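Read through the structure below, which is laid out as structure tokens, and then see the notes.
The values are calculated or read from the model by the stated rules, or taken from the named source; none is laboratory data. This structure is a prediction, so every number in the text was calculated from the model and none was measured. Reconstructed Cβ throughout: ideal geometry from the backbone, glycine too, with neighbour counts over all protein chains shown.
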Amino acid sequence: MSVIERQIQVTWLLRVFFTEDIFAPDNLTLRDALADVAPRKAIVILEESLAQALPELEVRIEKYFSTHAASLKLVRAPMPVCGGERAKNSISIVTEILSHLDRHHLDRHSYLIAVGGGALLDVAGFAAATAHRGLRHVRIPTTTLSQADSGVGVKNGINAFGKKNFIGTFSPPFAVINDFDLLATLPPDDKRAGYVEAVKVACIRDAKFFKELERDAEKLISFEPVAMKKLIRRCAELHLDHIAGSGDPFEMGSARPLDFGHWAAHKLEQLSRFQISHGDAVAIGIALDVIYSRDAGLLAAPACERILQLLERLGFKLFADELLNTDHADQLTILSGLEEFREHLGGELTITLLNEIGRGIEVHEMYPQKIIAAIHELRVRTR
């Protein structure tokens, strides 16, 4: 037996821009992020709900590209696509996007620009990653959740076989552009949804940021713009710091620290047939794991209470009836989320819990009775 080995290293500049009124003709953020030696083809995927809320947006996008035609060539009118989990629950939307990439002869130096929430960005990113083995994907997130969290990551995917993100890729976007103005039409629940990812990353990475969230809670719940912008920027920065500095950006190991609270959240979304939003599910998942951390002797009781109170102050409910769903063996169905979480990465089960606010700790086993006790505590707490 003989073998040839080489260490392959790939570098990637992951850029997140912050701006307002991105499609104003004199705003050069998008043009400069994409500008190249020659005019490059681009196609824009636009979330339907945003297009309906801002009926002038499609025209503004076309005018923007017309103004900057020397650098960018829009090959067709913005393509409306449904958003939310409905977009991720079928391969058909990916196929439709791919058909347009083929029809207009976009190549690996062309741009697929997605304007929408996290689910749409996942779908468009998957199409971009698989066309010609990778087009340049540009994300313009339009929800608090996607601007602070999912939109600045390196994952793309769709749901399949009843499992969240079963089909997908790791493929960093060419650029991410956060436009705060695009959050204006969101209903209150969607504006608030991204706050939970800020609580999550503060819990595992930054105690100072957690204190700032506590201090700004009343401003955040009233959607005060300065407080929201600060939250989004710091949350995005902490996520990028982890992706760039963790040594495992494509999750080749068994740990998923940025998914603190998500093992239960993903299962809870499925059990509710996605009627429970991702943000609300993550809030419950965090609450569950925080109580478990306390009961396992990892986290001090006062710290646990601070986290639960912050989630409640930000408007999140910490219990859902689906937590009590049982399977044919009369076991709580939510517990199967642990094995699905392990299977998604492979290897041994690795769950991030809390040792203190600002510092996560990895465990490789969770005891069902402690999980059940935490569920019942949340049920009593929210009565």
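Only one of ILE284, ILE232, ILE307 is crowded, with 23+ Cβ neighbours inside 10 Å, among the hydrophobic types (A, V, I, L, M, F, W, C) and out of contact with any Gly (no Cβ under 9 Å at 6 or more places or on another chain); which?
ILE307
Within region 153-210, track down each residue that is in contact with an Asp or Glu (Cβ under 9 Å, 6 or more places away or on another chain), of a type outside the set (S, T, N, Q), touching a residue at least 40 places away in the same chain (Cβ under 8 Å) and assigned to a strand (DSSP E or B).
GLY157, ILE158, LYS163, LYS164, GLY168, PHE170, ASP179
Answer yes or no: is there a residue in region 276-290 that is at pLDDT below 95 and polar (S, T, N, Q).
yes
Return a yes/no flag: does region 154-168 have any residue that is surrounded by 15 or more Cβ atoms within 10 Å (Cβ to Cβ), touching a His at 6+ places or on another chain (Cβ under 7 Å), of a type in the set (Gly, Ala, Ser) and in the same structural domain as GLN52 (by TED's automatic domain parsing).
The answer is no; no qualifying residue exists.
Touching a helix residue (DSSP H, G or I) at 6+ places or on another chain (Cβ under 8 Å) and within 30 Å of GLU212 (Cβ to Cβ): which single residue out of LEU324, LEU318, LEU335 fits that description?
LEU318
List the number of the failed condition for PRO187; all other conditions in (1) surrounded by fewer than 24 Cβ atoms within 10 Å (Cβ to Cβ); (2) at pLDDT 95 or above hold.
(2)
Please pick out the residue among LEU323, LEU318, LEU288 that is in contact (Cβ under 8 Å) with a residue 12 or more places away in the chain and assigned to a loop (DSSP other than H, G, I, E, B).
Step by step, each of LEU323, LEU318, LEU288 is checked, and only LEU318 is in contact (Cβ under 8 Å) with a residue 12 or more places away in the chain and assigned to a loop (DSSP other than H, G, I, E, B).
Inside region 5-64, can you point out the residues that are part of a strand (DSSP E or B) and within 25 Å of the chain's Cα centre (by Cα)?
VAL16, PHE17, PHE18, THR19, ALA42, ILE43, VAL44, ILE45, LEU46, GLU47
Take the residues of region 327-342 that are loosely packed, with under 15 Cβ neighbours inside 10 Å and not in a loop (DSSP other than H, G, I, E, B): which is modelled with the highest pLDDT?
The qualifying residue modelled with the highest pLDDT is SER336.
Do we have ALA217 as touching an Asp or Glu at 6+ places or on another chain (Cβ under 8 Å) and either of a type in the set (Gly, Ala, Ser) or over 23 Å from THR19 (Cβ atoms) (or both) here?
Considered against the rule, which asks whether it is touching an Asp or Glu at 6+ places or on another chain (Cβ under 8 Å) and either of a type in the set (Gly, Ala, Ser) or over 23 Å from THR19 (Cβ atoms) (or both), ALA217 comes out as no.
Within the bounds of region 238-253, is there any residue that is in a loop (DSSP other than H, G, I, E, B), among the polar types (S, T, N, Q), under 22 Å from the mean Cα position of the chain (by Cα) and surrounded by 15 or more Cβ atoms within 10 Å (Cβ to Cβ)?
Checked against the condition, which is being in a loop (DSSP other than H, G, I, E, B), among the polar types (S, T, N, Q), under 22 Å from the mean Cα position of the chain (by Cα) and surrounded by 15 or more Cβ atoms within 10 Å (Cβ to Cβ), region 238-253 yields no hits at all.
Name the single residue that is farthest from LYS155 (Cα to Cα) among those in region 67-92 being touching a residue at least 40 places away in the same chain (Cβ under 8 Å) and in a strand (DSSP E or B).
LEU72
Here are some conditions: (1) aliphatic (A, V, I, L, M); (2) within 19 Å of ARG234 (Cα to Cα); (3) surrounded by 22 or more Cβ atoms within 10 Å (Cβ to Cβ). LEU135 meets all but one. Which one does it not meet?
(2)
Can you tell me which residues in region 343-362 are in a strand (DSSP E or B) and crowded, with 17+ Cβ neighbours inside 10 Å?
Correct list: ILE351, THR352, LEU353, LEU354, GLY360.
Output the residues belonging to region 236-285 that are over 18 Å from ALA202 (Cβ atoms) and free of Cβ contacts under 8 Å to residues at least 40 places away in the same chain.
Once the filter is applied, which keeps residues that are over 18 Å from ALA202 (Cβ atoms) and free of Cβ contacts under 8 Å to residues at least 40 places away in the same chain, region 236-285 yields GLY247, ASP248, MET252, ARG273, GLN275, ALA281.
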